[in-house]
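Bear in mind these aren't lab numbers, they're just calculated from the coordinates by the rules spelled out. Keep in mind it's a predicted model, so treat the numbers as computed, not measured. Note: ideal-geometry Cβ built from the backbone for every residue, glycine included; neighbour counts use all protein chains shown.
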Amino acid sequence: MDRPEVSCVFVCHDGDGRVLLARRSAQARDEPGAWDCGAGALEFGETFEQAVTREVTEEYATPPLSIDLRGVRNVLRPGSHWVAIVFAVRLDPAAARIGEPHKFDELGWFPLDALPAPLHSQLPAALELFTA
C-alpha cells in the first residue's frame, strides 16, 4: 500500500449499554481469535453512511437502526496506513447474526466494563472514540 485507504469502523450497540463484538475466525486477515468491532473499506463513490450500511448488513445480516459519526483516527501498522472513520451504530440485538462466517466464528453483546479477551489491537482506540 503506497497511500492511505479509508475504513469505516463501526461499534455496534443496543442502545442499552452493550456493544456487539465478533471473534475473528482462523481465516481472518489478522489477529485470529481476537474480539473486534466491525469495519470495511470505503468504496469509490460511496458516502460514509452507505459504506457503513453495506458493511454492517454484510457482517451482521441486519441493517443499522442509526448511524452516528464519533471521530477519525490514523491507523499506522507495518505495511499499511488507514484513515479510520469511527461510527456508533445502533442495531436490533435480536436480528444480529454472523453474516460472514469466513471472517467471524462468534458474536456477543457485552457491557463496556466486561469485554471478552483477547481484544483486537485496534479495538481500544475505536472504543475510546465511541465513548467520547
What does the charge add up to near Glu55, with Lys and Arg as +1, Asp and Glu as -1, over the other residues with Cβ less than 12 Å from its Cβ? -4
Considering only DSSP beta bridges where both residues belong to segment 5-131, give the percentage that are antiparallel (nearest 5). 70
Relative contact order of the chain, defined on C-alpha pairs under 8 angstrom at six or more residues apart (%): 35
Mind jotting down the distance between the C-alpha centroids of segment 91-130 and segment 32-47, whole Å? 13
With label points built 7 Å along Cα→Cβ from the Cα atoms of Ala132 and Glu31, find their separation and express it in nm. 1.8
Pairwise label distance in nanometres, Val83 with Asp14, each label 7 Å out on the Cα-Cβ vector: 3.6
Pairwise label distance in nanometres, Asn74 with Phe48, each label 7 Å out on the Cα-Cβ vector: 1.9
What net charge do the residues around Ser66 carry, taking every other residue with its C-beta under 14 Å from that of Ser66, with Lys and Arg at +1 and Asp and Glu at -1? -3
For every other residue with a beta carbon closer than 12 angstrom to the beta carbon of Asp30, add +1 if it is Lys or Arg and -1 if Asp or Glu, then tell me the sum. +2
D (µm²/s, integer) via Stokes-Einstein for segment 1-92, Kirkwood Rh across alpha-carbon pairs, 10 °C, 1.306 mPa s: value 115
